[in-house]
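The values are calculated or read from the model by the stated rules, or taken from the named source; none is laboratory data. All values derive from a computational prediction rather than experimental measurement. Don't worry about glycine lacking a Cβ; one is built from the backbone with ideal geometry, like all the others, and counts go over all protein chains shown. These area figures cover heavy atoms from the full protein model, side chains too; ligands, DNA and RNA do not enter into them. Shrake-Rupley method; radii C 1.70, N 1.55, O 1.52, S 1.80 Å.
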Amino acid sequence: MSEPDKFEDDLLYALTRTGEGFRTEPSDLLAGGYQRGRRRWRRRSTAAVVGGAAALALVGTGAVYLTGSSPRPSAVPAAAPSTAGGSGSGSAAPVAAASSAEPGEVTGEEVLATLRGLLPGGRTSDENAGQRQGGTLVFDDGRGRAAMAVSVNRVGAGSPVLTENGCPDRKLVPYDACTSAGLPGGGKLTLFQGYEYPNKQAGTKRWSAWLGGADGRVIELTEWNAEAEKGAPDSRRTPPLSPEQLRAVVTDKAWDGIIAKFPEPRPEPGPDNGKEYGKDEILAIVAKLLPSGLTETETGGQPGYANFVVDDGKGKSMVEINVQDWSRDDKTKEELFGSARAQPDGTRVVVGKRGSNPGMWTVDTLHADGLRVVISAFNSGTQQTPATRSTPALSNDQLKAIATAPVWKLKK
């Protein structure tokens, strides 16, 4: 695979994984930019069409979502190994001192020390606590070295971080297993078993546990079956910790001391989606615009974004649609639509195609009032599985008719 192709795949994967998995880093930046970030991730379709510099422009203020909360193990410097011998039984873990820490500040060293105390017997090395409130290490239980990344934070009641993290849509992110359920006393736990690359261009597996607690704690532990998240050969068949072991680590009482060091978080207002098209609203509009004989099935999405599958008798075809307010996005609008000829009603249209197995056909429109409607169709039932047909069930003309329909109006 060429470097440009690899970059594009990585970018599209980051956007997809961000949108559905919401592997977010709870922070002041995230809290302030959450709504903007939600709009940004949904632009992944256009990233595939325009590519290169314009694709990077789409990242914008949603960059915190693209990388996830876990720092990259591939970038960690080597360090002396230590022995991990925690039992995960709730006993207090050793805490490493950090001379640069402010009083009450949670350091990456503390987080890594707590993680070490909860790991089963083995050795840790390549530790990197460079990120506040988290870090990375390599763990070896005698069956192969494996990268791990951990992050800890605390957010206020009402934060979307506590409600949005769940199992991703299989049409967007293939995985082997995932469970997401409430916890006694409140909170939510998501256990994920998937892959570093959704197209499985490498066999590296990514397993994770994400905990959102009733007290606002957010703990995420991710592990791979390789020494690094990307760029390293698989060192073992699966990551070292089973889902139950992941659960035991993130729910252990050893984290209580670290959580107590965070200041009491302020409640956060819930997301205001009043001016945004809801998933069900988008699906209802598109259902009326579909050609006769086609019906939406396997629906999914969230505010501003929806996807579904249609089958015309020649095989499943996934369709996804983004509806966004771009009335003030002047710079990026010009990059994407500056050369597009306006239609009589002022709508500008960009048509593109990416890939073939599967292929994605996209019609990107900017209406005169600033509403952007992007619709894509695949020659497969998902974004990632091989093509099952030569072209999607919807032609470019049919996609254009849906995206440019006058029913789409900017909400004031």
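A few remarks follow.
- In Hz, Karplus ³J(HN,Hα) per residue of segment 226-242 (6.51, -1.76, 1.60; θ = phi - 60°; x = Gly, Pro): 8, 6, 9, 4, 9, x, 10, x, 4, 9, 6, 6, 9, x, x, 8, 6
- Derived scalar couplings between HN and Hα for segment 380-387 equal 7, x, 9, 6, 10, 7, x, 4 Hz in order, rounded to whole Hz, by the Karplus curve 6.51 cos²θ - 1.76 cosθ + 1.60 (θ = phi - 60°), x for Gly and Pro.
- Cα extents of segment 372-412 along the three principal axes, largest first (Å): 41, 19, 10
- With K and R counted +1 and D and E -1, the other residues having a Cβ less than 13 Å from that of K253 yield a net charge of -2.
- Segment E296-K230, extension gain: residue separation times 0.36 nm, minus the distance between their alpha carbons: 20.1 nm
- Which of F262, G231, N307, positive extreme of dipole for segment 171-325 (C-beta unit charges): G231
- Cα-based Lys pair tally, segment 147-251, threshold under 19 Å, eight or more apart or on separate chains: 4
- Check: segment 185-226 dipole with +1 on Lys, Arg Cβ and -1 on Asp, Glu Cβ, in debye: 120
- If you wrap segment 172-222 in the convex hull of its Cα atoms and look at it from every side, the mean projected area works out to 3.8 nm².
- Rounded percent of accessible protein surface that carbon and sulfur make up, segment 125-202, 1.4 Å probe: 47
- Rounded to the nearest 0.05, the FRET efficiency derived from the C-beta distance between R266 and T179 at R0 = 25 Å is 0.20.
- Largest to smallest principal axis extent of the C-alpha atoms in segment 102-248, angstrom: 41, 41, 23
- Here is the size of segment 215-262 from its Cα atoms: Rg then Dmax, 13.9, 39 Å.
- Here the extension length gained between K353 and A405 equals 16.6 nm, from 0.36 nm per residue of separation less the Cα-Cα distance.
- Debye log10 I(q)/I(0) at q = 0.12, 0.15, 0.20, 0.25 Å⁻¹ for segment 306-401, Cα point scatterers: -0.41, -0.60, -0.92, -1.19
- Förster radius 56 Å - calculated FRET efficiency between A202 and Q343 (Cβ-Cβ, nearest 0.05): 0.80
- Equivalent-ellipsoid semi-axes of segment 214-315, from the Cα gyration tensor, Å, largest first: 40, 27, 11
- Segment 317-381 versus segment 187-235: alpha-carbon centroid distance in Å: 32
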